[in-house]
Amino acid sequence: MIALESVSKRYGSRTIIHDVSFTVGKGEIVGFLGPNGAGKTTTMRMIAGFTTATSGRVTVAGFDMATQNEDAARKLGYVPEQPPLYDVLDVSTYLRFVAKVKGVPSRGISRDLDRVMSACRLESVARREIYKLSKGYRQRVGLAQALLGRPEVLLLDEPTAGLDPGQIQETREVIRAFGEKHAVLLSTHILPEVTLICQRVAIINQGRLLAIDSPSGLQRASEQTNSVHLEITAPAEPLREALLGVDGVRAVSVHPLPGRDLLQSVECQVDSREGIEARIARSVAGQWELHRLQRQQPTLENVFLRYVGDTVRGKAA
Amino acid sequence: MNGVLAIYHKELQTYFRSPIAYFVVSVFLLGTGYFFLYNIFLTGIGTMDETFQNMGILLLTLIPVITMRLFSGEYSGRTMELLMTLPLKPWQIVFGKYLGATTMLLLMTGATAINLIPLYLYGNPETKTILTGYIGFVLLGMACLAVGQFFSSLTQNQIIAALITVPVLLGFWFVGHLQTFQTDYILRGLFGYLSFALHFGDFIRGLLRSEAVVFYLVVSAIALTLNISYLQWRR
């Protein structure tokens with residue numbers, strides 16, 4: 001439903017997006033992750049047709065955004081980072097305007113308005129001017145306008161920013177329900193959100209697509225983020241040397257814990273081979289008193305930070 | 001056409017849900033009422049000539065207030081992102097907004113007709129001159145709106161949009177005065193042709209010249225085309 005083929009965007013001599021390619025299929029929710037200024041919004045804007053790609057091809061529902069953006073716009077719902085609202089209009093008038101432009105037939109407009117207002121829990125503010133609404137309601141009005149006209153593709157730039165936990169939950173349910181039959185590209189900073197509702201994650205930084213895979217696939221692939229945590233009573237330096245001597249241990253950091261003499265909290269960066277916990281346990285057994293040993297699974301946060309950190313380091317080098 | 005109408009309705013709702021429309025219409029009616037009373041009752045001239053002339057200058061100063069928010073407001077309110085990603089072509093956005101602004105102009109113009117009641121009750125005005133004066137006034141207003149709307153599309157700051165529009169419109173109004181300083185025939189002709197005031201003068205005198213009508217329509221068309229092209233270029 002969404003396809004980017006070698007898409008680049010340049011402003012003058014500055015390249016903002018470098019040769020980005022990925023697809024979002026029907027019935028799929030893809031999370032779009034990246035730090036501020038990574039190129040998420042520019043990419044979203046190119047898919048939405050607000051700006052055009054300098055090179056490459058963007059297609060939405062089979063329509064080329066460079067030449068058929070009006071046809072594509074009928075299949076698309078887009079919520080920019082800051083919801084595009086007319087403050088002086090009331091919610092109902094605003095949504096009616098968007099429905100008309102999207103070509104919803106006159107006799108179906110009221111029904112479509114009821115549907116999206118119910119999905120986004122806006123019934124109680126239907127006649128209220130938008131400037132009087134709280135940030136959470138404004139966000140939901142932005143989502144409601146995107147759902148009008150039953151689009152096949154939904155682009156959401158930070159859709160849950162500014163919502164309270166209850167509203168976040170409701171919004172996620174709306175997105176999840178929509179994503180069952182449609183294509184959703186969701187840009188967010190909230191990593192648990194990606195794990196909860198996205199089938200795949202695309203990581204972008206400095207305008208380059210660094211990875212795209214399922215959240216679990218990214219975690220599996222990220223062997224560098226595997227670590228083993230120990231709590232042990234031992235002198236710091238001999239302990240560090242012993243652990244660094246274990247096959248598979250890449251780095252060791254030792255921090256003394258308060259309260260008891262020589263009680264240390266140890267973080268070992270390890271590779272992904274099986275049996276590393278047993279080798280570590282054997283290396284300290286008999287010498288020191290081991291209280292706790294736990295293999296830490298890589299989190300999406302670590303995976304994200306690793307990819308983003310690698311790019312930053314690469315640039316610095 | 002549905003897109004144009006949807007934008008047009010949205011524009012009208014926006015005008016009348018904000019104080020701008022009421023402010024502009026009030027100032028305009030107070031101004032024209034004063035000029036009418038002054039010209040008819042204090043100087044005793046039983047025609048609308050002077051009043052139309054004053055209305056023209058008043059219009060030039062109020063048009064930027066109407067047009068400054070047309071696109072600048074969309075940029076600063078981040079709603080341009082909505083308009084450009086909805087199934088709308090730039091020309092539909094431009095024409096929808098232009099029709100909305102023209103409707104405002106027609107409402108303002110229509111409201112001044114109240115001045116005609118005492119004129120017809122106590123005088124013997126020439127209806128044809130009044131009609132051509134109103135036609136000229138509306139055409140002048142449409143050209144000014146198109147110019148103001150174009151400048152509004154160039155910046156997200158409404159004040160800057162207005163500050164660019166005012167001198168440009170005043171320049172078009174007063175450019176005819178440069179004829180006095182020119183001996184070159186071509187330049188004299190050019191300054192005369194570009195003058196909003198000189199063409200408007202024809203209408204006020206009761207002349208419905210095709211050259212003047214075409215002039216205002218061409219100025220409007222050029223400004224609207226630039227407006228559409230700029231939006232396409234921005235994308």
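Residue under question is A:Thr59, and the condition is that it be surrounded by fewer than 23 Cβ atoms within 10 Å (Cβ to Cβ), of a type outside the set (A, V, I, L, M) and within 12 Å of chain B (Cβ to nearest Cβ); does it hold? In short, no.
Here A:Ala53 clears all of (1) away from chain B (no Cβ under 14 Å); (2) touching a helix residue (DSSP H, G or I) at 6+ places or on another chain (Cβ under 6 Å); (3) buried (at least 21 other Cβ atoms within 10 Å of the Cβ) except the condition numbered (1).
Here the range A:96-119 is the region considered, the condition is being surrounded by fewer than 17 Cβ atoms within 10 Å (Cβ to Cβ) and more than 14 Å from B:Ala6 (Cβ to Cβ), and the residue that is farthest from the other protein chains (Cβ to nearest Cβ) is A:Ser118.
Somewhere in the range A:80-92, is a residue free of Cβ contacts under 8 Å to residues at least 40 places away in the same chain, more than 8 Å from chain B (Cβ to nearest Cβ) and more than 14 Å from A:Ala146 (Cβ to Cβ)? Show your work before the answer.
Keep residues of the range A:80-92 that are free of Cβ contacts under 8 Å to residues at least 40 places away in the same chain, which gives A:82, A:92.
Imposing the further condition that a residue be more than 8 Å from chain B (Cβ to nearest Cβ) reduces the set to A:92.
Then drop every residue that is not more than 14 Å from A:Ala146 (Cβ to Cβ), which leaves A:92.
Within the range A:80-92 (the criterion being free of Cβ contacts under 8 Å to residues at least 40 places away in the same chain, more than 8 Å from chain B (Cβ to nearest Cβ) and more than 14 Å from A:Ala146 (Cβ to Cβ)), the answer is yes, since at least one residue qualifies.
From the set of residues in the range A:62-79 that are facing another protein chain (nearest Cβ under 7 Å) and surrounded by fewer than 20 Cβ atoms within 10 Å (Cβ to Cβ), which is modelled with the lowest pLDDT? Among those that are facing another protein chain (nearest Cβ under 7 Å) and surrounded by fewer than 20 Cβ atoms within 10 Å (Cβ to Cβ), it is A:Glu70.
Have a look at A:Thr93, A:Thr42, A:Thr59, A:Thr15 and point out the one that is within 18 Å of the chain's Cα centre (by Cα) and either among the charged types (D, E, K, R) or not in a loop (DSSP other than H, G, I, E, B) (or both). The conditions single out A:Thr42.
Here B:Gly171 meets the list (1) surrounded by 15 or more Cβ atoms within 10 Å (Cβ to Cβ); (2) assigned to a helix (DSSP H, G or I) almost entirely, failing just condition (1).
When B:Thr61, B:Thr51, B:Thr43 are checked against the criterion of being closer than 19 Å to B:Leu107 by Cβ and surrounded by fewer than 17 Cβ atoms within 10 Å (Cβ to Cβ), a single residue qualifies: B:Thr61.
Being among the small types (Gly, Ala, Ser), buried (at least 16 other Cβ atoms within 10 Å of the Cβ) and either modelled with pLDDT of 90 or more or not in a strand (DSSP E or B) (or both) holds for only one residue in A:Gly217, A:Gly149, and it is A:Gly149. Regarding the range B:131-138, can at least one residue be identified that is at pLDDT 95 or above, assigned to a helix (DSSP H, G or I) and under 30 Å from A:Phe97 (Cβ atoms)? Checked the range B:131-138: at least one residue is at pLDDT 95 or above, assigned to a helix (DSSP H, G or I) and under 30 Å from A:Phe97 (Cβ atoms). Listed conditions (1) within 24 Å of the chain's Cα centre (by Cα); (2) within 23 Å of A:Ala3 (Cα to Cα) are all met by A:Gly149, apart from (1).
Please find, among A:Arg74, A:Arg121, A:Arg127, the residue that is at negative phi and out of contact with any strand residue (DSSP E or B) (no Cβ under 8 Å at 6 or more places or on another chain).
Of the residues listed, the single one that is at negative phi and out of contact with any strand residue (DSSP E or B) (no Cβ under 8 Å at 6 or more places or on another chain) is A:Arg74.
Scanning the range A:152-166 for residues that are acidic (Asp, Glu), out of contact with any Lys or Arg (no Cβ under 6 Å at 6 or more places or on another chain) and in contact (Cβ under 8 Å) with a residue 60 or more places away in the chain, which turns out surrounded by the fewest Cβ atoms within 10 Å (Cβ to Cβ)? Per the stated criteria, the residue is A:Glu158. One residue is enough: does the range A:224-231 have a residue meeting the conditions of a type in the set (A, V, I, L, M, F, W, C), within 28 Å of A:Val284 (Cα to Cα) and at pLDDT 85 or above? Looking through the range A:224-231, at least one residue is of a type in the set (A, V, I, L, M, F, W, C), within 28 Å of A:Val284 (Cα to Cα) and at pLDDT 85 or above. Among the residues of the range A:18-46, those identified as under 16 Å from A:Thr188 (Cβ atoms) and of a type in the set (A, V, I, L, M) are A:Val24, A:Ile29, A:Val30, A:Leu33, A:Ala38, A:Met44. Looking at the range A:120-129, can you tell me whether even one residue there is under 23 Å from B:Leu88 (Cα atoms) and either within 13 Å of chain B (Cβ to nearest Cβ) or touching a residue at least 40 places away in the same chain (Cβ under 8 Å) (or both)? Scanning the range A:120-129 turns up no residue that is under 23 Å from B:Leu88 (Cα atoms) and either within 13 Å of chain B (Cβ to nearest Cβ) or touching a residue at least 40 places away in the same chain (Cβ under 8 Å) (or both). Apart from one condition, A:Gly136 fits all of (1) surrounded by fewer than 21 Cβ atoms within 10 Å (Cβ to Cβ); (2) within 19 Å of A:Tyr78 (Cα to Cα); (3) touching a strand residue (DSSP E or B) at 6+ places or on another chain (Cβ under 8 Å); (4) free of Cβ contacts under 8 Å to residues at least 60 places away in the same chain; the exception is (3). Residues of the range A:23-35 include none that is without any contact (Cβ under 8 Å) to a residue 60 or more places away in the chain, buried (at least 17 other Cβ atoms within 10 Å of the Cβ) and β-branched (Val, Ile, Thr).
The set of residues in the range B:13-28 that are crowded, with 16+ Cβ neighbours inside 10 Å, more than 14 Å from chain A (Cβ to nearest Cβ) and either outside any helix (DSSP H, G or I) or aliphatic (A, V, I, L, M) (or both) comprises B:Val24, B:Val25. Go through the residues of the range B:65-84 one by one and say whether even a single one is crowded, with 17+ Cβ neighbours inside 10 Å, out of contact with any Ser or Thr (no Cβ under 6 Å at 6 or more places or on another chain) and in a loop (DSSP other than H, G, I, E, B). Yes: one or more hits. Restricting attention to the range A:1-12, the residues that are part of a strand (DSSP E or B) and free of Cβ contacts under 8 Å to residues at least 40 places away in the same chain add up to 1. Given the condition within 29 Å of the chain's Cα centre (by Cα), assigned to a strand (DSSP E or B) and not polar (S, T, N, Q), answer yes or no: does some residue in the range A:232-243 qualify? Looking for residues that are within 29 Å of the chain's Cα centre (by Cα), assigned to a strand (DSSP E or B) and not polar (S, T, N, Q), one finds none in the range A:232-243, hence no.
For the range A:62-90, a residue qualifies if it is within 30 Å of A:Lys132 (Cα to Cα), of a type in the set (A, V, I, L, M, F, W, C) and under 25 Å from the mean Cα position of the chain (by Cα), and the qualifying residues are A:Ala73, A:Leu76, A:Val79, A:Leu85.
The values are calculated or read from the model by the stated rules, or taken from the named source; none is laboratory data. Predicted, not measured: the structure shown is a model, and the values here were computed from it. Cβ coordinates were reconstructed from backbone atoms using ideal geometry, including for glycine residues, and neighbour counts include every protein chain displayed.
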